[in-house]
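Participant: Pasting a structure here, questions to come.
The values are calculated or read from the model by the stated rules, or taken from the named source; none is laboratory data. Model, not experiment: these values are computed from the prediction. Cβ coordinates were reconstructed from backbone atoms using ideal geometry, including for glycine residues, and neighbour counts include every protein chain displayed.
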Amino acid sequence: MQYAIITNPVSGKITVDQKLIVLEKAAKILDAEIHGLDTVTSDDLGQCARQLAASCDVLVAAGGDGTFSDIINSIDTSQIPIAFLPLGTANAMRHALEYRGSLSHIAMRIRDGRVHEYDLINCDEKKRAFTVSAGIEGTLLRLRDKYLAQGSTGFKTYLRALFSAYFREYKRAAATIKVDDATFEVENLLTLMVVKQPYYGYGMNVVPRARFDDRQLHVVCIKSGIFKCAIGGATAFTIGNRIGRYLTCRQLDIRLGRPLVLQVDGSSGWEADAFTFKVLPKALKIKY
C-alpha cells in the first residue's frame, strides 16, 4: 500500500523541525512522505488532505484528536482509509485504538494491520465526530486554551481549567433531551456526552460501554453534584466512569434553556441552544 503522512504545523507544543524528527522513523517504516507542514490554515490542511487522498491508498493523520478530526471532516473516510499516528500524551484516539509503545511500533501496527469500518457522529449536519458534549466542557476548553496561551502545560492545566469551570465559570442549563422516540427533562445539566468510543484525553474512560462499530450513539447525561462527580472522575482513571444516566440510540435531540458551546473531539465547536446528533454507520475506514 502507498501511504502519505499529513500533520498540522501549528498543533501541539512542538515545532515543525521537531515534528519532522519524531515522525522520521515512522515515515521510513511506512515508506511515506510527510505533508502539511507548509499549510497555514485549517482550510489549507483540508485541501492538502483531499489532494493526498486522491494519490495514496492510506492517508495517515499525525497529531492529536483535533488534527484527526480535521482530516475526517476533509475527505470521504467511508471510501478512503486513514490511519492515526498520535503526537502528544492526551489523545483520546490513542486510547480508543489501544495504542502502546513508540511511534515506530504504531507505524508497524498500521503497516501490518487491517482496515476497520467504524461509525461516526453527525453533528447538526455540520461536522462528523467521534466525541461530542454539551455542557461544562465548552467552558473548560475556553479556560484551558487561556491557560495554555499563558504558558501552562500538561495535565495540571486541564485540572486547573476543570476546577475553575466547575466552581466559578459554568452555569448549569435546563435541557429537554429526546433519545430516538423517548423524551426526558433535566433541570441542571452538567454535561451531555455523545460518543462512539469510551475515552476522553489522558485515558479517562468516561463511557466504558461505547463502541466504534455497533451502529449506536452512546449517551451519558450527568447532573450530579461535587461528591458524585469526584467519584466519577476517580473511577474514569481506573474501572471506568460509573455516574450519570447511560443510554444508546440512533438519534438524539437536545433543546437547552440557554446557549452552550459544543465540544467536538477535544476542541470548541459552535454555540447554540439546540443540537441534533445522528449515527453515521461505517463512515470511517481506519487501518491499524
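Participant: Give me the pairs, please: first residue somewhere in segment 85-98 and within 9 Å of G64 (Cα to Cα), second residue anywhere and outside any strand (DSSP E or B) and hydroxyl-bearing (S, T, Y), beta-carbon distance under 7 Å, and either six or more positions apart or on two chains.
Facilitator: P86/Y99; A90/Y202; A92/Y200
Participant: Taking into account only those residues within segment 1-25 that are within 20 Å of C56 (Cβ to Cβ), hydrophobic (A, V, I, L, M, F, W, C) and under 23 Å from the mean Cα position of the chain (by Cα), which is surrounded by the most Cβ atoms within 10 Å (Cβ to Cβ)?
Facilitator: Among those residues, the one meeting the criterion is I6.
Participant: I'd like to check something: does segment 187-203 contain any residue that is surrounded by 15 or more Cβ atoms within 10 Å (Cβ to Cβ), within 23 Å of I71 (Cβ to Cβ) and of a type in the set (S, T, N, Q)?
Facilitator: Checked segment 187-203: at least one residue is surrounded by 15 or more Cβ atoms within 10 Å (Cβ to Cβ), within 23 Å of I71 (Cβ to Cβ) and of a type in the set (S, T, N, Q).
Participant: If we scan segment 166-180, do we find a residue that is outside the structural domain of N91 (by TED's automatic domain parsing), under 16 Å from the mean Cα position of the chain (by Cα), hydrophobic (A, V, I, L, M, F, W, C) and in a strand (DSSP E or B)?
Facilitator: Let us first name the residues in segment 166-180 that are outside the structural domain of N91 (by TED's automatic domain parsing), namely 166-180.
Still in the list and also under 16 Å from the mean Cα position of the chain (by Cα): none.
No: segment 166-180 contains no residue that is outside the structural domain of N91 (by TED's automatic domain parsing), under 16 Å from the mean Cα position of the chain (by Cα), hydrophobic (A, V, I, L, M, F, W, C) and in a strand (DSSP E or B).
Participant: Now a separate question. Scan segment 87-118 residue by residue and report those that are within 28 Å of F275 (Cβ to Cβ) and in contact with a Phe, Trp or Tyr (Cβ under 6 Å, 6 or more places away or on another chain).
Facilitator: If the condition is that a residue be within 28 Å of F275 (Cβ to Cβ) and in contact with a Phe, Trp or Tyr (Cβ under 6 Å, 6 or more places away or on another chain), then A90, A92, M93, H95, A96, L97, Y118 are the ones that fit.
Participant: So F163 passes all but one of these: (1) surrounded by fewer than 14 Cβ atoms within 10 Å (Cβ to Cβ); (2) within 18 Å of S11 (Cα to Cα). Which condition number does it fail?
Facilitator: Result: F163 passes all but (2).
Participant: Which residue is surrounded by the fewest Cβ atoms within 10 Å (Cβ to Cβ), if the candidates are limited to segment 250-288 and must be in contact with a His (Cβ under 9 Å, 6 or more places away or on another chain) and either outside any loop (DSSP other than H, G, I, E, B) or of a type in the set (A, V, I, L, M) (or both)? Walk me through how you get there before you give the answer.
Facilitator: Narrowing segment 250-288 to residues in contact with a His (Cβ under 9 Å, 6 or more places away or on another chain): 284-288.
After this cut, where a residue has to be either outside any loop (DSSP other than H, G, I, E, B) or of a type in the set (A, V, I, L, M) (or both) as well, the list is 284-287.
Numbers: L284: 20, K285: 18, I286: 23, K287: 21.
Among residues in segment 250-288 that are in contact with a His (Cβ under 9 Å, 6 or more places away or on another chain) and either outside any loop (DSSP other than H, G, I, E, B) or of a type in the set (A, V, I, L, M) (or both), the one surrounded by the fewest Cβ atoms within 10 Å (Cβ to Cβ) is K285.
Participant: Restricting to segment 122-158, and then to whatever is modelled with pLDDT of 95 or more and assigned to a loop (DSSP other than H, G, I, E, B), can you tell me which residue is surrounded by the most Cβ atoms within 10 Å (Cβ to Cβ)?
Facilitator: F130
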